[in-house]
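Working notes for the structure below.
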Amino acid sequence: MANVSEQKLSEIIKLYERKILAVCKTFPDGITDPDLRQHCPLSNARMTAMNGLVSSGRIRLYQDGTTIIYKEVSQEDAALYHGLSPEDITVLEIIKNSANKGEWQSNIKFKSKLQQKQVTNILAKLKTKNIIKSVKTIHGKKKIVYMLASIEPSREITGGLWYTGTDFNLTLIQDLQKKACGVICQKKQCTVSDVLGAVKTMGLTDNIELQEEDMQTIIDTLVYDGLIEKSFDPRSNLYIYKEIKNLTPENAFSEIPCSTCPVFEQCTENGDVNPQSCVYLKQWIEF
């Protein structure tokens, strides 16, 4: 009889766990204990169920003044937070919310309201557990952001194809410009997709993931440089590119090196790409 009673009690507790999770899920910002009682009246079974959910990480407790707030945690996040302290989780959530752009350590310190030493130790702990990773940005060799280990950094952070680590890959850009211009001149007129397909067969892109947006950037620099022209084809609803023959560019801006630079938008005063150290801009000014 005792075994039967224990089995029934276990079933009741599991029922309460499912009900508590379902209620909390409808309140993504958290639910207070009085509100939870309206859906799940207080009882020993409910208390046991709640303790189990808190221990397993499926429910997190917050305190707003004297008010206790319960918040549902997904199974994926519960596994991620397993074995972490409340301070660890606070830092981890800040990093998680930064998505693929990452978060600066100074911002983590400010948002978490923790001491610098605490933040440094927590970041080291999370990295050791392979939960987060540090990523060098193109905005400076010593500038690092933190993001979840499973996330691919955004191109805004890494510079995408145009960078190898934090080094600007000028050789690749010039090679792609030459190849793209050659394809357009040979085919007389073509779309970005046509150019991309042809360039991919030339062996240049075997070790890189060249995408259509990358080729669009390269072709745009050729347009700005006055080497090819762009027109809209209403039949295909696509832009067509073709060679400009014996035409001197009238756009003065196209003569500036900046107009043909694929990372023009990433050029900043204190970044790795900057006007002060640009040899091409210097040569243009002296000329």
Among residues of the range 20-49 being of a type outside the set (Val, Ile, Thr) and under 17 Å from GLN75 (Cβ atoms), the residue surrounded by the fewest Cβ atoms within 10 Å (Cβ to Cβ) is PRO28
Can you confirm whether the range 184-194 contains a residue that is exposed (fewer than 14 other Cβ atoms within 10 Å of the Cβ) and under 32 Å from the mean Cα position of the chain (by Cα)? yes
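Among the residues of the range 122-137, is any under 30 Å from MET215 (Cβ atoms), open to solvent by less than 70 Å² (accessible area, probe 1.4 Å) and at pLDDT 85 or above?
Narrowing the range 122-137 to residues under 30 Å from MET215 (Cβ atoms): 133, 135-137.
The next check asks that each one be open to solvent by less than 70 Å² (accessible area, probe 1.4 Å); those that pass are 133, 135, 137.
From what's left, at pLDDT 85 or above: 133, 135.
Yes: the range 122-137 contains one or more residues that are under 30 Å from MET215 (Cβ atoms), open to solvent by less than 70 Å² (accessible area, probe 1.4 Å) and at pLDDT 85 or above.
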Only one of (1) at pLDDT 85 or above; (2) open to solvent by less than 30 Å² (accessible area, probe 1.4 Å); (3) of a type in the set (Ser, Thr, Tyr) fails for SER150. Which number is that? (2)
Residues located in the range 39-75, provided they are assigned to a helix (DSSP H, G or I) and touching a strand residue (DSSP E or B) at 6+ places or on another chain (Cβ under 7 Å): MET50, LEU53, VAL54
Pick from THR221, THR191, THR201: which is touching a residue at least 24 places away in the same chain (Cβ under 8 Å) and out of contact with any helix residue (DSSP H, G or I) (no Cβ under 7 Å at 6 or more places or on another chain)? THR191
Among all residue pairs at least 6 apart or on different chains, which show Cβ distances below 9 Å where the first residue, located in the range 57-76, is on the phi < 0 side of the Ramachandran plot and the second is of a type in the set (Phe, Trp, Tyr) and at pLDDT below 85? ARG60/TYR81; ILE68/TYR62; ILE69/TYR62; TYR70/TYR62; LYS71/TYR62; VAL73/TYR81
Kindly list the number of the only condition in (1) within 30 Å of LEU21 (Cα to Cα); (2) in contact (Cβ under 8 Å) with a residue 24 or more places away in the chain; (3) not basic (Lys, Arg) that fails for GLU93. (2)
Being of a type in the set (Ser, Thr, Tyr) and at pLDDT 85 or above is the filter here, so list the residues in the range 225-261 that pass it. SER231, SER236, TYR239, TYR241
Go through the residues of the range 76-96 one by one and say whether even a single one is in contact with a strand residue (DSSP E or B) (Cβ under 8 Å, 6 or more places away or on another chain) and more than 18 Å from MET147 (Cα to Cα). no
Could you list, in sequence order, the residues of the range 20-42 that are more than 39 Å from the chain's Cα centre (by Cα) and in contact (Cβ under 8 Å) with a residue 24 or more places away in the chain? CYS40
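The values are calculated or read from the model by the stated rules, or taken from the named source; none is laboratory data. Given the structure is predicted, the values throughout are model-derived calculations rather than measurements. As a convention, Cβ positions derive from the backbone with ideal geometry for all residues, glycine included, and neighbour counts pool all protein chains shown. Areas reflect the complete protein model, heavy atoms only, side chains present, ligands, DNA and RNA absent. Shrake-Rupley method; radii C 1.70, N 1.55, O 1.52, S 1.80 Å.
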